[in-house]
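The values are calculated or read from the model by the stated rules, or taken from the named source; none is laboratory data. Source: prediction; values computed, not measured. Because the Cβ atoms are built from the backbone with ideal geometry, glycine has one as well, and the counts that use them run over all protein chains shown. For the accessible areas, the whole protein counts, side chains as well, though only heavy atoms, and no ligand, DNA or RNA atoms are used. Shrake-Rupley method; radii C 1.70, N 1.55, O 1.52, S 1.80 Å.
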Amino acid sequence: MDDVSGPGDSLPITAAPGFELAVPLPPELLYRRCNPEDLPFDLCTELADMPGLIGQERAVEAVRFAIRMRRKGYNIFALGARGTGRKTLIDELLRRQAKSEPTPPDWCYVNNFADPQKPRCLSLPAGRGVKLEVAMKRLVEELRATLPAAFERDDYRARRQVIDQQFKERSEEAFGNLQQRAEAQGISLLRTPTGVAMAPKHDGQVLTPETFEKLPADERDRIQHQLEAIQGELEEVMRQVPQWEREHREALRQLNCEITGFAIGHLIDELRADYRDLPPVTAYLDAVERDIKENVDDFLTQPTAPEGTPPAATAAEGGNDARFRRYRVNLIVDNRAQKGAPVIYEDNPTHQTLVGRVEHLARFGALMTDFNLLSPGALHRANGGYLLLDAQKLLAGNYGWPSLKRALNAGEVRIESLEQLLSAATTVSLEPEPIPLAIKIVLLGPPALYYLLSASDEEFPELFKIAADFEDRVVRTPETTLLYARLVAAIMRREGLRCFDRAAVARVIEYAARLAGDTERLSTSLRTIADLLQEADQLAADAGRDTVGAAEVEAALDAQFRRGDRLYRRMQEEIGRKTIRVETRGEQIGQINGLSVISLGTLNFGNPSRITAQVRLGRGEVVDIEREVALGGPLHSKGVLILAGFLGGRFGGARPLSLSASVVFEQSYGGVDGDSASAAELFALLSALAEAPIKQCFAVTGSVDQHGQIQAIGGVNEKIEGFFDACRLTGLTGDQRVIIPASNVKHLMLRRDVVAAAAEGRFAILPIDTVDQGIELLTGLSAGAPGPDGRYPAGSLNHRIAARLDAFAARAAELWRGVAPGAAPS
């Protein structure tokens, strides 16, 4: 059981004009009609659309100020109930402003040839990013055809042949000179598969080892010295060979660079000319040119796949050669079609959807990544404009809130994986250059979330300095009534509905007052109103009508309630079958019908419950049984303590309250909260103390303060209707009635069958301001006012209570006197 009343239920007590206290209210105060005759149209097609939303001037002013405020931290938190049109209104305001703002630039990621793990970002005017992307693709395609042709030309072959010949001649000359010197000394140089070998000769023949050993010792020594000398010269020549090879390769590299430069120079120069006004782009093109010259072999050879690679995979790679991926341009933000600043709504605000992600590609059985696999987030797409986010989804998303705060604090958006964010990455990944962030964030959320973040997150007030507080209701005046009619017309046109006549519009306005729970206010829950209009339109279509009338609106409302009232009807059935005891006839001491509200989904309905009280000799305690068994909420417990304070204030000045009392909701098997039953609980307790029976045809709702004043509560319409339905099951006698706080009269927008029963005298609603007024109605006894001596008139209800308390006090004194010294009375 859930009572809708809360801390804000207790309103200042102001008796509404036009009614008397403790007297049945006239029917005109039970439901404030909207007279169709007062609406200056026959069909709502005659009305112009409503400009904006009704009653949201404060929120609109805050949003417009935040739009103008171009300083850090002036982001917006739009707080209000769902369905009030927050998102629609803010989106409209932002788009209107965005049209007059400059279109933000395109953003690209390109290869960092110095450090490929740290891709560079480039900013280009809107529309030029895609041109650079296409130009780089075309450049690579042209180079793959141009460079091989350039290296197949005869002049290149001739120049390379000269370089090769020069290297060959230098090598041969060095070895030839050495061989001549060796031959002159009788030593032959022999080329073998493992290198160069030396052997002595005699008479033109190479000496075998056996012949060499037969030579005289001095001859062998001479030949050995000659071999060592020639060996030294050979080693010197061999040491020069790597240097000659390096010089040969450098000469070839310079030749290749020269040929490559001639082949690509005019192509790169054309690109430079197109982007001469963008120094970062021309610097990138310079780096591209240097890399192509240094890696020209990539354009001259065909790709080779690792051993065991399927032919299909090799063919796929051939059409998308990975060697040239480094020359691509990854256009992550393309604003060529954008007119003005972007306005983006991100439905799933997580870390990756906000700041982007690093994707991976399966290649040859392994996962690889590069700057081409950087994917943008909502912050990239909305950069230079506005981003709307649902605050609840943002906080529930996967690290979305910390990532957003980090980006706003740093003034830049950095693409990184979640592992990098949490410092949990164990592999080398990309570290893209962050992109400067210039954006206005709008969070949409309920007021409770705004206050929670303000209190618990130190960064939140610095990042979201503007609160746009949306009203959930507006004052009901002739002007706002007409504006509401224009709002109905706007929804009708937007949703493509049939035309509504003025009787239907009047019924919708009455329903808006019921939603607000106040005859003097209208609800701004546009989603609920739009749903009602669409359902009424469908019923008119089912009936073959071209216009929607009040009957269709009423039928749609009845259908909405019927779809969700299964449990409510079940409870009413059990009341009718006496399974749930609710007495509507007779009199009982210490028993009263209390009223509460149960909320199930979007349906709220009233539930009558028996409240009983028992009193006995004790120590002045009032026991809340619901609290003792952990079924009572703090507000309900507070109400019980307040009524205990009332008893002490009224009757405890002249005597100790030597009683113990217990109060409980009978047949309550769920939680109970709210203070709206405190008046009923007090009446049951007073009845038990005075031993005065309460008429069971009454039901009571209202909270009470320690001075006996009856205060306003929430859900008054649902509570009255719940008791009315219970009474109708057992038969309306004309005696059943509901006592409500006088300050709740202005909130009455009761069902038409309840109003009709009241007009016919079969049911009544009575307003009261004080406890004494209520107890007199319930018991038929005079409450009695204290005289100058503080005593109440004999026979009055307050006199009976005082006499009962005096008897308790006397009995307690007798028991105290009968206790042995040193012991405490039980």
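Highlighted here are the helices (runs of 4 or more DSSP H) found entirely within segment 734-826 that include at least 1 residues which are among the hydroxyl-bearing types (Ser, Thr, Tyr): 771-779. Pairs are defined by a Cβ separation below 6 Å, a sequence spacing of at least 6 or placement on different chains, a first member in segment 684-698 that is at negative phi, and a second member that is open to solvent by 10 Å² or more (accessible area, probe 1.4 Å) and of a type in the set (Asp, Glu); the pairs so defined are PRO693/GLU587; LYS695/GLU587; GLN696/GLU583; CYS697/ASP735.
Kindly establish whether GLY356 is among the small types (Gly, Ala, Ser), under 17 Å from the mean Cα position of the chain (by Cα) and modelled with pLDDT under 95.
No; evaluated as a whole, the condition is false for this residue.
Which members of segment 705-722 meet the condition of being buried (at least 21 other Cβ atoms within 10 Å of the Cβ) and either within 40 Å of the chain's Cα centre (by Cα) or part of a loop (DSSP other than H, G, I, E, B) (or both)? Explain how you work it out, then say what you get.
Here is the first cut: in segment 705-722, the ones buried (at least 21 other Cβ atoms within 10 Å of the Cβ) are 710-720, 722.
Matches in segment 705-722: GLN711, ALA712, ILE713, GLY714, GLY715, VAL716, ASN717, GLU718, LYS719, ILE720, GLY722.
Residues that are part of a helix (DSSP H, G or I) and of a type in the set (Val, Ile, Thr) within segment 533-568 comprise just one, VAL553.
For segment 269-287, the set of residues classified as in a helix (DSSP H, G or I) and without any contact (Cβ under 8 Å) to a residue 24 or more places away in the chain consists of ASP269, GLU270, ARG272, ALA273, PRO279, THR282, ALA283, LEU285, ASP286, listed by residue number.
What number of residues within segment 184-219 satisfy the criterion of being part of a helix (DSSP H, G or I) and either surrounded by fewer than 13 Cβ atoms within 10 Å (Cβ to Cβ) or at pLDDT 70 or above (or both)? Total meeting the criteria: 9.
Hey, among the residues in segment 516-528 that are part of a helix (DSSP H, G or I) and touching a Lys or Arg at 6+ places or on another chain (Cβ under 8 Å), which one's surrounded by the most Cβ atoms within 10 Å (Cβ to Cβ)? So, considering only residues that are part of a helix (DSSP H, G or I) and touching a Lys or Arg at 6+ places or on another chain (Cβ under 8 Å), the one surrounded by the most Cβ atoms within 10 Å (Cβ to Cβ) is ALA516. Checking each residue in segment 550-564 for being out of contact with any helix residue (DSSP H, G or I) (no Cβ under 9 Å at 6 or more places or on another chain) and either modelled with pLDDT under 90 or among the β-branched types (Val, Ile, Thr) (or both) picks out only GLY564.
In segment 382-402, of all residues being crowded, with 17+ Cβ neighbours inside 10 Å and more than 18 Å from LEU444 (Cβ to Cβ), the one that is nearest to the chain's Cα centre (by Cα) corresponds to ASN383. For segment 223-239, the tally of residues that are open to solvent by 70 Å² or more (accessible area, probe 1.4 Å) and closer than 13 Å to ALA174 by Cα stands at 4.
Pairing residues of segment 78-95 that are touching a residue at least 40 places away in the same chain (Cβ under 8 Å) with residues that are assigned to a strand (DSSP E or B) and open to solvent by 50 Å² or more (accessible area, probe 1.4 Å), at Cβ distances under 8 Å and at least 6 apart in sequence or on separate chains, gives LEU79/ASP469; GLY80/ASP469; LYS87/TYR345; ASP91/TYR345.
Using the structure shown, decide if GLY232 is small (Gly, Ala, Ser) and at pLDDT 70 or above. Talk me through it step by step, then tell me what you get.
Working: small (Gly, Ala, Ser): yes; at pLDDT 70 or above: yes.
For GLY232, the condition - small (Gly, Ala, Ser) and at pLDDT 70 or above - is met.
Just one of LEU483, LEU443, LEU430 is surrounded by 14 or more Cβ atoms within 10 Å (Cβ to Cβ), of a type in the set (A, V, I, L, M) and at pLDDT 95 or above; which is it? From the options LEU483, LEU443, LEU430, the qualifying one is LEU443.
Search segment 364-417 for residues being in a helix (DSSP H, G or I) and in contact with a His (Cβ under 7 Å, 6 or more places away or on another chain), and hand back the single one that is farthest from LEU437 (Cα to Cα). The qualifying residue farthest from LEU437 (Cα to Cα) is LEU373.
Based on what the data block shows, is LEU729 open to solvent by 10 Å² or more (accessible area, probe 1.4 Å), outside any loop (DSSP other than H, G, I, E, B), touching a residue at least 60 places away in the same chain (Cβ under 8 Å) and closer than 23 Å to GLN588 by Cβ? If you could, list the steps in order and put the result at the bottom.
Working: open to solvent by 10 Å² or more (accessible area, probe 1.4 Å): yes; outside any loop (DSSP other than H, G, I, E, B): yes; touching a residue at least 60 places away in the same chain (Cβ under 8 Å): yes; closer than 23 Å to GLN588 by Cβ: yes.
Answer is yes for this residue.
Scanning segment 99-146 for residues that are of a type in the set (Val, Ile, Thr) and touching a residue at least 12 places away in the same chain (Cβ under 8 Å), which turns out farthest from THR260 (Cα to Cα)? So, considering only residues that are of a type in the set (Val, Ile, Thr) and touching a residue at least 12 places away in the same chain (Cβ under 8 Å), the one farthest from THR260 (Cα to Cα) is THR103.
Out of all the residues in segment 732-742, which are out of contact with any strand residue (DSSP E or B) (no Cβ under 7 Å at 6 or more places or on another chain) and surrounded by 16 or more Cβ atoms within 10 Å (Cβ to Cβ)? Listed by number, the residues that qualify are LEU732, GLN736.
Among the residues of segment 69-125, count how many are hydroxyl-bearing (Ser, Thr, Tyr) and assigned to a strand (DSSP E or B). Number satisfying all stated conditions: 3.
Going residue by residue through segment 333-340, is there one that turns out to be within 46 Å of the chain's Cα centre (by Cα) and either loosely packed, with under 12 Cβ neighbours inside 10 Å or at pLDDT below 90 (or both)? Yes, some residue in segment 333-340 is within 46 Å of the chain's Cα centre (by Cα) and either loosely packed, with under 12 Cβ neighbours inside 10 Å or at pLDDT below 90 (or both). Within segment 585-600, which residues are of a type in the set (Val, Ile, Thr) and open to solvent by 10 Å² or more (accessible area, probe 1.4 Å)? Within segment 585-600, ILE589, ILE598 qualify.
Of everything in segment 558-584, what is at positive phi and open to solvent by less than 50 Å² (accessible area, probe 1.4 Å)? Give them in sequence order. I'd like the intermediate steps shown before the answer.
Initial filter on segment 558-584 (at positive phi): 578.
Answer for segment 558-584, where residues must be at positive phi and open to solvent by less than 50 Å² (accessible area, probe 1.4 Å): there is none.
The condition (being of a type in the set (Val, Ile, Thr) and open to solvent by 30 Å² or more (accessible area, probe 1.4 Å)) is satisfied by just one residue among VAL110, VAL140, VAL162, VAL130: VAL162.
What do you reckon, is LEU139 in a strand (DSSP E or B) and among the aliphatic types (A, V, I, L, M)?
On the way: in a strand (DSSP E or B): no; among the aliphatic types (A, V, I, L, M): yes.
So LEU139 does not fit the description; no.
Among the residues making up segment 30-60, those that are closer than 18 Å to ARG95 by Cβ and open to solvent by 70 Å² or more (accessible area, probe 1.4 Å) are ASP49, PRO51. Among the candidates ASP789, ASP753, ASP806, the residue that is farther than 14 Å from PRO24 by Cα, surrounded by fewer than 19 Cβ atoms within 10 Å (Cβ to Cβ), at pLDDT 90 or above and not basic (Lys, Arg) is uniquely ASP753. The single condition among (1) part of a helix (DSSP H, G or I); (2) crowded, with 19+ Cβ neighbours inside 10 Å that LEU497 does not meet is (1). Restricting segment 446-465 to residues that are open to solvent by 70 Å² or more (accessible area, probe 1.4 Å) and part of a loop (DSSP other than H, G, I, E, B) leaves a set whose member that is nearest to GLY73 (Cα to Cα) is LYS465.
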